[in-house]
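Beneath this line is the structure, given in structure tokens, with notes to follow.
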Amino acid sequence: MKKLIDKYANKILSQGLADSGNITFLGLDAELSSNRPLTEINPELIRVFDLMNINSLLYAEPVEPYKSILAYFLNRQKDSIVPTDCETRTFLHDIPIIADLSAEAISNALAKRKAAIVKNSGIISCGTVSPEQAFVSFSSVCFSTYVKFFSDVMFHLEDRKTGRTPENNDLLHAYQEIAGVIPLTSRSFTEIPTSLPRDEKEIYQQLIVTGKELVERKLVDSYFGNISYVFNDTIYISQTGSSLDELETCIDAVPLDGSSSSGITASSELSAHINVHRKTGKRAIVHGHPKFTVIMSMSCRKEGCDISTCYRSCREQRTVSGIPIVSGEIGTGPTGLVRTVPDALTESPAVIVFGHGIFSASDNTFRPALELMQVSEDTCMQEYFKKIQGLI
């Protein structure tokens, strides 16, 4: 357990979500262990294990800009924060707010939700099976509140321009402070092979390297995202719930003819990946959730639309930097990604899903798809700040 606790505490550090001095990660196996001496830990956190059937508890104060984003929301929300991106809808639903670090308040919140925000403090989450669950929930709260804050700024300024709302000086002041700490640089994909994989071993290796690059560049958060490669009538795809920077044992080989049940543990978007290949012939497919790509995908305030259903059935034809935006839910239902994404990719090498993320595909190797995803995110970030400045 101690190794797992340290592993996911280090992931929080490497992904730039919190500093080591502000992370408390507890795990219960035969005995209680932590990334810090137990004598330094708030007794209320330890007492949570007496009130809940959990095996891990994570409490951390995030770094900037997440810290200031949380502070902004906490000063204006009483009970919960409700982001509208895909990750929140499918994974968090809403994010409860608790007043303090009492064991009762923590257990009441985590009995209903995967994570909670503590007033004037940080984020708390738990795991019932593995510390990984607590890490994923923490990362997801950081992602969702980030996307919500910058989306709220954009929506407010668009509504102000049309006279639908008065100016919110507090929000705009917070934006000016928070936007000043956002990094604006990226780098080239030097680690991704440019040669075609010759056999199954090389396919696995390229999937592993590609997954690590996606995480390192923050094109995915926690474990959200998936990648695949088609070779000899088989699609090699990351497993559902797998961490893309740890794909060594988390890749499924699924025959395209459906002759095997090996796809049962594959990504929930396996059908979308298969349909992309069948309709486009492209073999390398990458899906990630870059933050500003997600934010700009929701940049639409058309009057008369029910914005709450846009992610499912938007009929408005929009693009960001020439990349089409489509609606679509996870899965194979009538409004599923399996129906919208493949058709869009026949016309463009990449497609953005409303409030969700981006799919990009290339003919034979991953590098073009990855470069396109990075360019999309860089361009979406630039367009966002240009748009906001113009509205201000």
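Once the cut-off is 36 Å, how many percent of the Cα-Cα pairs in the chain end up in the long-distance tail?
Working: 19213 of 76636 pairs.
Value for the chain (Cα pairs over 36 Å): 25 percent.
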Expressed as a percent, the accessible surface of the chain that is carbon or sulfur, using a 1.4 Å probe and the full set of protein chains, is 48 percent
Straight-distance crosslink candidates among aspartates and glutamates, where the alpha carbon sits under 16 Å from LYS161 and sequence neighbours closer than 8 are dropped: ASP152, GLU303
Lys and Arg at +1, Asp and Glu at -1: neighbours of PHE366 with Cβ under 10 Å from its Cβ sum to 0
What is the calculated FRET efficiency for ALA30 to ASP100, with r their C-beta to C-beta distance and R₀ = 41 Å, to the nearest 0.05? 0.85
For GLY336, distant residues with modelled amide H under 5 Å away: GLU329
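Could you tell me which of the pairs LYS148/LYS386; LYS148/LYS387; LYS11/LYS78; LYS11/LYS212; LYS201/LYS282 are separated by over 23 angstrom between their Cα atoms in the structure shown? Show your work: numbers first, answer last.
On the way: LYS148/LYS386 18 Å; LYS148/LYS387 17 Å; LYS11/LYS78 31 Å; LYS11/LYS212 12 Å; LYS201/LYS282 20 Å.
Result: LYS11/LYS78 exceed 23 Å.
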Taking a ≥ b ≥ c as the square roots of the eigenvalues of the Cα gyration tensor of the range 1-159, is the shape rounded (a/c under 1.5), prolate (a/b larger than b/c) or oblate? prolate
For the range 15-65 and the range 338-392, what is the separation of their Cα centres, given in Å? 37 Å
Give, as a single signed number, the net charge of other residues whose beta carbon lies under 13 Å from the beta carbon of ILE392, with Lys and Arg counted +1 and Asp and Glu -1. +2
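Averaging sequence separations of C-alpha pairs under 8 Å and six or more residues apart, then dividing by the length of the range 1-160, give the relative contact order as a whole percent. Provide the component values of the computation, followed by the final result.
On the way: 257 pairs, mean separation 39.4, N = 160.
Normalised by residue count, the contact order of the range 1-160 is 25 percent.
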What helix-only [θ] at 222 nm does the chain give? Using -39500 (n - 2.57) per DSSP H run of at least 4, over all residues, to the nearest 500, the answer is -12500 deg cm²/dmol
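The values are calculated or read from the model by the stated rules, or taken from the named source; none is laboratory data. Keep in mind that what you see is a predicted model, and the values were worked out from it rather than measured. No Cβ is skipped: glycine too gets one built from the backbone with ideal geometry, and neighbour counts run over all protein chains shown. Heavy atoms of the whole protein, side chains included, go into the accessibility calculation; ligands, DNA and RNA do not. Shrake-Rupley method; radii C 1.70, N 1.55, O 1.52, S 1.80 Å.
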